[in-house]
Amino acid sequence: MDAPWFDELAEFLRLPSISAAPAHAGDVRRAAEWVATFVRDAGGTCEVVDWEGQPLAVGEIRASGGGDGAPTVLAYGHFDVQPAAPLELWESPPFEPELRDGYLYGRGTVDDKGQLYMLLAAARELAAAGALPVNVRFCCDGEEETGGSSIVDFLAADDRGADAAVVFDSSMIRRGLPAFNIATRGLAYFHVTVRTGERDLHSGVFGGAALNAAHALLETLSGLLARDGRLAEPLRKGVVPPTADELVGWRELPAGADELREQGARPADPSAADEFYLRTFGEPALDVNGIETGSPHLQKTVLPVEAVANLSIRLAPGQRVDEIAPAVERLLNESAPEGAELTVELLSSSPPGLVPPDSPAIRLGLDAFERALGRRPALIRSGGTIPIVPALAAKGIPAIVTGFGLPDSQIHSPNERLLAEYVPLGIGAARDLYRELAHLPGTGVEGETTATDAS
């Protein structure tokens, strides 16, 4: 296979920039330096910024002709990767990229080095031809795989902004059918503790008379559980329903029953399969993630005095953490039986993100992808939480979140792979995207991106 891009991308992929392993901190920084060098070699400016101990690659390739008055596009990607274990399941070494059977194999090919490379290479090609019509700001991080907040905090402190953002860190629905993720769900994660006395009690002596912490916890949690797929109204406040265009896109997705079956899962209720995408894209969902009390393994006849649980609620687009988190705590307290001592701790949270599907950036992006790929992307949402999307929205920056992974890309698993023909296709799509986004009204922001721009 003729792949002129292979040697350059392979150099990037060979860096074992595993953010979850402290021993690879140097490799993460080397990956940041690789990005910065690429941008500088393409005629831009870029530096590795130490943001509270985490490296960010922050730079810019100015529009041809100087960039004054041209729109600014913020390009995001992450240069860290998941651990490769278990190594014995890889058919080729994870950090020795290999072209095989039409695929590019290696850790980071899809998530996200290969896709970040597409954005970098497209900007370089246009700049080299004197035809880059927008200022492209690269703001890339090395802790996405560990849920870090460095890029979110950087953007919050950054006064420069952009007219639009482009994130290649997602997948197609299937081969040949691209998708734009215009919304992500938020998250509020809680730790709940119930105490019912001073010590565990003998169930023969006190059973039926003394309050049991396990029973009290189950009763407390039951007040929050969904009924027929819908949470109580206080937990649905602010939900923004999908638009007609979104619903059209959702119909392109695999049947919900098939999605559940392929994961070995069973529907939560009779309507769950038919409502799969509404429930995972457009509705809040509360899940108990773990419970501990008494001894579930030993034959131990006690009334436990303490029971704990972790639970999370995925916030639908339009909802606010500062409204839903207190509602969760209030409903828990209302459901707790008399005599139970309840403690609720909010461990972490992230807001949902929503990009209006009729925003100019989305419309222009759809046109660009249709021209490059011959197929207009479907508008879908993500049931997961991607902190950079609401971070960009908070700055008034609409984000095009898309990508070239496939359902068989095996991200986060052994033998991660990217369809090799999608590398030049993705570069071409990014070129068309930069060209089309030139029709956005520009901010005319002067200057270059440096560490001091965000401080």
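The values are calculated or read from the model by the stated rules, or taken from the named source; none is laboratory data. It should be emphasised that the depicted structure is a prediction, and the values quoted were computed from it without experimental measurement. Backbone-built Cβ (ideal geometry, glycine too); neighbour counts: all protein chains shown. Side chains included, ligands, DNA and RNA excluded: accessible areas come from the protein's heavy atoms. Shrake-Rupley method; radii C 1.70, N 1.55, O 1.52, S 1.80 Å.
Okay, here's what the table says:
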{"read-out": "Full-stretch length increase - VAL240, SER348 - with 0.36 nm per residue and alpha-carbon distance subtracted", "value": "36.6 nm"}
{"read-out": "Alpha-carbon gyration tensor eigenvalues x 5, square-rooted, for segment 13-140, Å", "value": "29, 18, 10"}
{"read-out": "Å² of accessible area per residue within the chain, as computed with a 1.4 Å probe and no ligands counted", "value": "43"}
{"read-out": "Charge sum, other residues only, whose C-beta stays under 14 Å from GLU8's C-beta, Lys/Arg counted +1 and Asp/Glu -1", "value": "-1"}
{"read-out": "Calculated FRET value between ASN310 and ASP408, using beta carbons and R₀ = 41 Å, to 0.05", "value": "0.80"}
{"read-out": "Relative contact order for the chain, counting Cα pairs under 8 Å that sit 6 or more residues apart, in percent", "value": "27"}
{"read-out": "Sparse-neighbourhood loop sites, trypsin sites (Lys or Arg not before Pro) in segment 195-277 - DSSP loop, at most 10 other Cβ within 10 angstrom", "value": "ARG199, ARG251"}
{"read-out": "GluC sites (Glu not before Pro) restricted to DSSP loop in segment 1-68 with at most 14 other C-beta within 10 Å", "value": "GLU52"}
{"read-out": "Stokes-Einstein diffusion coefficient of the chain, Kirkwood radius over Cα pairs, 25 °C, 0.890 mPa s, in µm²/s", "value": "103"}
{"read-out": "Added length on full extension, which subtracts the Cα-Cα distance from 0.36 nm per residue, ASN333 to ILE291", "value": "13.4 nm"}
{"read-out": "0 to 90° range, to nearest 10: angle between helix 25-41 axis and the chain longest Cα axis", "value": "30"}
{"read-out": "In degrees, nearest ten, helix 360-373 long axis to first principal axis of the chain (Cα)", "value": "70"}
{"read-out": "Highest average packing first - 75-85, 340-350, Cβ atoms within 10 Å", "value": "75-85, 340-350"}
{"read-out": "Principal-axis tilt of helix 422-437 within the chain, Cα atoms, nearest 10 degrees", "value": "80"}
{"read-out": "GluC sites (Glu not before Pro) within segment 86-185, DSSP loop, no more than 13 other Cβ atoms inside 10 Å", "value": "GLU91"}
{"read-out": "Fraction of accessible area attributable to carbon and sulfur, segment 4-67 (%, probe 1.4 Å)", "value": "50"}
{"read-out": "√(5λ) per eigenvalue of the Cα gyration tensor, segment 325-397, largest first, Å", "value": "42, 13, 10"}
{"read-out": "Within the chain, percent of DSSP bridges classed antiparallel, to nearest 5", "value": "75"}
{"read-out": "Against the rule of thumb 2.2 N^0.38 Å, how large the Cα Rg of segment 347-387 comes out", "value": "1.50"}
{"read-out": "Equivalent ellipsoid semi-axes - Cα gyration tensor, segment 165-266, angstrom", "value": "44, 17, 15"}
